[in-house]
Amino acid sequence: HKGTAFFIVQEGYLESQQEAWNEERRNSIQQGACTRQADQATHVQFRYGDTFGELALMYDEPRQATVTAHMDSKLWVMPQLAFRSVIQISAKAKLAEFEQLLRTVPTFTSKVDNSLFSMLASIVEEAAFTKSQVVCTEGEDVGSFFLVLEGRCRVQVSEGEGTVYEKGSWFGEEALMNATTATETVVVESDSAVVLVLDEDSYQVVLAAQREVEHKVISSLKGLRLFGDLRKMKTQQHVVRLDRCEPVGALGEGSFGLVLLIRDKDSKQEFALKAMNKEHMRMEDQEKMMQNERKLLELIESKFVVRLYKSYED
């Protein structure tokens, strides 16, 4: 059977396989021993503080052994679904913190659209360092930007004391903007440090997404020509007029285009606007697929499927 939970032994005694059991051995077990013992007779013995089922939390793998209680025992149980929910909440909180810190960098606030900061936060890399480790080296680390998340770093200089970088401080803007090498050597001064790293290639992905939003979608909304009312609206409030809609942010990016979140300025109703590159669709011979998708969505009316209101072309 596949594992679905992680277990922590609070009290009792368990083994990973059946074996002879008698009252004498039961009385010999000392509660509170916080070790696992392995021998030829039993695969693993579990006492107070021991754990098993770690792989079940991360992977849908079959159990590697059958664990049996040989006396009355109490265990704490972490179900797989609960663990994954906690991980998702933790990941969202971490991305929110990254985004908040990135918004303090003037270079990003002036060049990156507000709707794309979540994308920027998702592509930075989190790097851990220990005391005296080098974060970046002068003349190296081409096109890299660094932002201190935890700990303290200092610029290495031949005389005097170099600049100190603590949480929220950043360096390497010039290298990122101009794809040049680092202008200073920075080392970790605290016992440990965590630094967010953004390389020039990743940053260009964000800028490319912004150009796509600005030049291929937002700037063309006013000039779009409606080529089909694919669904008869029951009420006037469901008529989508792009000339009175404003972009809120990017929902996603795929191989053929972008999906934007837009909002009607009058009704405040929100819609998802999927914009696809026609030239790319033709090159990949996907025009028929797109037409079939549109016709299928036109026929479906379910609260579990995204509703298709209208389609447009530039």
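Read-outs: derived from the displayed coordinates by stated rules, not from any lab. All of these numbers come straight from a predicted model, not from anything done at the bench. Virtual Cβ from ideal backbone geometry, glycine too; neighbours counted across all protein chains shown.
Tally Lys and Arg at +1 and Asp and Glu at -1 over the other residues with C-beta under 9 Å from the C-beta of GLY143: what net charge comes out?
Working: positive: none; negative: ASP141, ASP199, GLU200, ASP201.
So the surrounding residues net to -4.
Measure up LYS278/LYS310; LYS274/LYS303; LYS288/LYS310; LYS111/LYS310 against 27 Å on the Cα-Cα distance and list the ones that go over. Display every interim value, and only then the final one.
Details: LYS278/LYS310 17 Å; LYS274/LYS303 19 Å; LYS288/LYS310 18 Å; LYS111/LYS310 32 Å.
From the list (LYS278/LYS310; LYS274/LYS303; LYS288/LYS310; LYS111/LYS310), the Cα-Cα distance tops 27 Å for LYS111/LYS310.
Using 1/(1 + (r/R0)^6) with R0 = 51 angstrom and r between the beta carbons of MET283 and LYS167, what's the FRET efficiency to the nearest 0.05?
So, using R0 = 51 Å, E works out to roughly 0.60.
Between MET58 and ALA91, what is 0.36 nm times their sequence separation minus the Cα-Cα distance? Round to one decimal in nm. Kindly include the intermediate steps, with their values, before the conclusion.
Working: separation 33, 0.36 × 33 = 11.88 nm, distance 1.50 nm.
Taking 0.36 nm per residue and subtracting the Cα distance, the gain is 10.4 nm.
Compute the distance from the alpha-carbon center of the range 60-98 to that of the range 138-196, in whole Å.
Distance between centres, Cα-based: 37 Å.
Work out the length of the dipole vector of the range 128-174 about its Cα centre, built from +1 on the beta-carbon of each Lys and Arg and -1 on the beta-carbon of each Asp and Glu, and round it to the nearest 20 debye. Working shown, then result.
Working: 4 positive and 9 negative charges, 61 e Å.
My answer is approximately 300 debye.
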